[in-house]
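Taking it in order: structure first as structure tokens, then the write-up.
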Amino acid sequence: ITEMAGRLKRVTCLVKIRLIAEIFGLQHVLCSRMQFMHDGQTVERMQVPLRKLIWLSDLDGEALHSLSIDEHCPHVEDWRVGARKALEERLGLPERWQHAHLEEVKGSHTFHIEDNVTSNGYPGLVTSYCIHTVTWRVSHPENPSVQCIGLPVGQEFATQEGEFNFNVGGEEGLPIGSQLNIWTWRREEEVPSSSANQDGNGNGSHRAAVGGSGDIPGERATAAGEEGGKATAQAPEKEKNDKGGVSPNMVRRDSSEGKVALIRRVPLHRIAAQDLVSSKARLSVRSPDPPALLRTQMSGLDTDWSRASVIAQRIMEPSYTLKEYYDDIQAFPEMRLYLMEERNSQVSSGRTLGDEYQRTVGAFFAIYWLFRLPIDGKDGFCFGVDDSWSPLNQADVGDPRMVPVEKRLQFYNEADWDYFRRLLSNAGLLEVEDDGTYKVNKKRFVALLALTAIHDIMKMAMLLPEVQPEHAPYHSYQAGDTIGDHDHALGYVMDFFPECLPSFQHLDAEEKRTLQFTQCKLAFNHGWFVQAEAPPGAMFTSFKEALVRDHKSLISQRDVAFYFVHWLTDLAGAEPTPLAGCEKFSAKFPLRVLNSFLRSFEFVERIATRTETEVNEEYLIMRWTDHTPSPGPVPTGASAVAKMRLLCMAQVHALAILKGFDELGEEDREVLSQELSRTGCLGQSYSPRLTPSDAHERPQGPAFLIYYGPAFLQNLGEDSPARRLSLLVELYRCSRALWPATVSKVAVNATVRVDVIKGLSTKEIMEATQEGDFWVLVKHNESEAFVEKCSRKRLNKMMMQPHVLQVLDMGCLEAYPP
């Protein structure tokens, strides 16, 4: 600050950095869109990384002013040095990281002056801003080392300045000047420059590309008042909707620069943003009663059940918009807990602020789309929404938000949508009217919303409860142990401290029981089931025990279906990009696998009332019947179960593998028929008409799970199907030698892992033996064995030690032509 022409004037030099990266083929610019200040105020404004340049010498009056207008002024810190420091101080990016991953765009540096600017931060004092602007590009957005800034998919992330720590409370509060920044990537064409001086690459003077001279750290009053920033606590009424939520435009607009679209992640709701700041006050005083932090955070909060009921009433109304729904789900106070992440972590951790919040919103949005499939649900589920939160559709294939277009279109056209709706019906969430239409079961639906609100809160590690002495042991956790498993942790609170979960506490007893069941560790591997990889005992024993032991057989078939609805919506929202639709499924999850899961749900649900083997047998028959092209009538006889399991395991190679089975020698067919018919369940057998007589007349065990057996058959390649099956036969023979069949082990299941050979051709397997190596099956313990390749020297050494093993006889391959 100096005196010039008889008046005080402030001269400030600064550097702005336009950090750009290519995301899904489009150029984006990094901006801070929200800042949480040390005094609890939240400012919403767009701001690129910037920093004041340090004066290196003291100058006064006209001398200072004449020098400051020179972009190469020797009395001020070099702008390149300042730019590097800005990225380190504001984004936590060390200079070494910058040199490795950023490159300056040639010719992008500009310099300009904004003179005689009045600043609300310094009333009565005019300022001359001398501004350097430079553009740096992220050289390789796919590099894992740049995940710390939200790449390659453009996720939001958070950084802190100063000692900003949400765990600090009390009267002293946070240090002055400290703040938390939320950074986001914006499409470059939607961050316009006010200057016409640009080259063909979009470079040049970006004087007002994102924010003006007021966007300077420490000048919040100017930024909030003159540069388009808004303090959440004082948001104008016109920016609020009638339900009290924040209009997306509050976050999407800068008053001087126009619209900036949020493409993939939802903005923090006004209520959530205020909760994020106010939570630090609650952290300063802990409840003396366990669980202390959770109880403190939820103290005095209640679920708005009338608002939740509105969702159930309107969810299938065409006029009920996604924006209204987003406002309404704020009825569940547990939503605030998803913002209690590691808020004091630096950007180098790679964690993005609010990811769990975004995922939970994504699960909520999946529910919205699934209940609206006949209206706009398919579009929203597959393609996401536009700037107004209206679903995109097939006509919008040119919109960059549709990337990857081919996968999304395939999902739209080939997903088994009828089975989505059938699952909702089986779960009691939809009820069929007399005229064939569906209506929502409001009580059941609200329970699903409540579950979605609370299901992952224990991923916030600070909320994990300790087992109290009167409850020990709890799922193997002893008194004083912190329950690290987030499902068990939530189950513990449900069981003993339901008052700490407002959205759970006031459900009726039946719905509470349904929600508690979803937290069980069922140890159910769906992949094993749909691929017939495992015997019934290995798949269902833990599942069945949970139903009987933990829930006293009170869980119904529709409760199991409810479990799968929750599983489905939770996975659908697994990507923290809820505005992009359910892209975990539509863009990333193998559609064939998802369709097989959807088809299988109604069979797995039957485990509530039927035996493990009955469920498995019914599913195998369905798969045979539904297979295209048809393999013929459902088989009967000693090899029937073996054939049906092989069909599921081989998938696209099913017919070839079945033909190969018929080409096997009689002894080899008998081995597969016998071993694939064992159930691993006490007192259970497949129907006598489908298995060898010994399997049901004199059942023995253990039963074998050939881990990666399906992958071994699916990697058929140019192999003869019979030849590949002969190696599977040899694996079963050696396994049986390691575990002789006995009646006492009929309910035992052993795992045989074939990881090392699952992707090899029989030719490659034979070449290893021709080079002097051996393939051996090594028993590691009483429940597991592994296929390993070893040299003669290592084999001799293993045989001298207490290893239990079998050498695989590769002569089995020579019995069948390649």
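The values are calculated or read from the model by the stated rules, or taken from the named source; none is laboratory data. None of these values were measured; they are calculated from a predicted model. Neighbour counts are summed over all protein chains in view; Cβ atoms, including those assigned to glycine, are modelled from backbone coordinates with ideal geometry. Surface accessibility is based on the protein's heavy atoms, side chains included, excluding ligands, DNA and RNA. Shrake-Rupley method; radii C 1.70, N 1.55, O 1.52, S 1.80 Å.
Given 0.36 nm per residue, what is the gain on full extension from residue 57 to residue 687 after removing their alpha carbon distance, in nm? Write out the running numbers ahead of the final one.
Values: separation 630, 0.36 × 630 = 226.80 nm, distance 9.29 nm.
Using 0.36 nm per residue and subtracting the Cα-Cα distance, I get 217.5 nm.
Would you mind computing, in nm to one decimal, how far apart the modelled labels at residue 153 and residue 140 are, each placed 7 Å from Cα along Cα→Cβ?
Roughly 2.1 nm, to one decimal.
What number comes out for the charge environment of residue 715, summing +1 per Lys or Arg and -1 per Asp or Glu over other residues with Cβ under 10 Å away? Walk me through the intermediate numbers first.
Values: positive: 724, 758; negative: 719.
Local net charge: +1.
Once you have a ≥ b ≥ c as the square roots of the Cα gyration tensor eigenvalues for segment 685-818, tell me rounded if a/c is under 1.5, and otherwise prolate or oblate according to whether a/b is larger than b/c. Walk me through the intermediate numbers first.
Values: a/c = 2.24, a/b = 1.28, b/c = 1.76.
Oblate.
Which net charge results when you count Lys and Arg as +1 and Asp and Glu as -1 among the other residues whose beta-carbon is under 10 Å from that of residue 663? Could you put the intermediate results ahead of the total?
Working: positive: 659, 669, 723; negative: 662, 668.
Once all neighbours under 10 Å are counted, the net charge is +1.
Which length gain, in nm to one decimal place, applies between residue 593 and residue 659 when the Cα-Cα distance is subtracted from 0.36 nm times their residue separation?
Working: separation 66, 0.36 × 66 = 23.76 nm, distance 2.42 nm.
Net length gain for the segment: 21.3 nm.
Out of all DSSP beta bridges in segment 685-784, what portion is antiparallel? Express it as a percent rounded to 5.
Working: 2 of 8 bridges.
Here the share of antiparallel DSSP bridges comes out near 25 percent.
Leaving out ligands, DNA and RNA but keeping every protein chain, what accessible area does residue 8 have, in Å² rounded to the nearest 10, with a 1.4 Å probe?
Accessible surface of residue 8 is approximately 100 Å².
Modelling each spin label as a point 7 Å along the Cα-to-Cβ direction, I'd like the residue 513/residue 81 distance in nm, to one decimal.
With each label point 7 Å from Cα toward Cβ, the separation is 7.3 nm.
Of the listed pairs 544/584; 439/512; 323/442; 378/407, which have alpha-carbon separations greater than 24 Å here?
Working: 544/584 29 Å; 439/512 22 Å; 323/442 21 Å; 378/407 14 Å.
Pairs exceeding 24 Å: 544/584.
Does segment 506-652 come out rounded, prolate or oblate, given a ≥ b ≥ c as the square roots of the eigenvalues of its C-alpha gyration tensor, rounded meaning a/c under 1.5 and, failing that, prolate meaning a/b above b/c? Present the calculation step by step, with values, prior to reporting the outcome.
Values: a/c = 2.51, a/b = 1.25, b/c = 2.00.
Since a/c reaches 1.5 but b/c is at least a/b, the shape of segment 506-652 is classed as oblate.
Using a Förster distance of 41 Å, how high is the FRET efficiency between residue 548 and residue 403, based on the Cβ-Cβ distance and rounded to 0.05? Could the numbers behind the result be given before it?
Numbers: r = 48 Å, r/R0 = 1.16.
Using R0 = 41 Å, I get an efficiency of 0.30.
Taking 29 Å as the cut-off for C-alpha to C-alpha distance, list the pairs among 659/758; 521/779; 9/106; 588/758; 521/659 that go past it.
Details: 659/758 20 Å; 521/779 27 Å; 9/106 34 Å; 588/758 24 Å; 521/659 39 Å.
In this structure, 9/106; 521/659 lie more than 29 Å apart at Cα.
In terms of the Cα gyration tensor, with a ≥ b ≥ c the square roots of its eigenvalues, is segment 589-724 rounded because a/c is under 1.5, prolate because a/b exceeds b/c, or oblate? Before the final figure, lay out the partial values.
Details: a/c = 1.65, a/b = 1.07, b/c = 1.54.
The shape class here is oblate.
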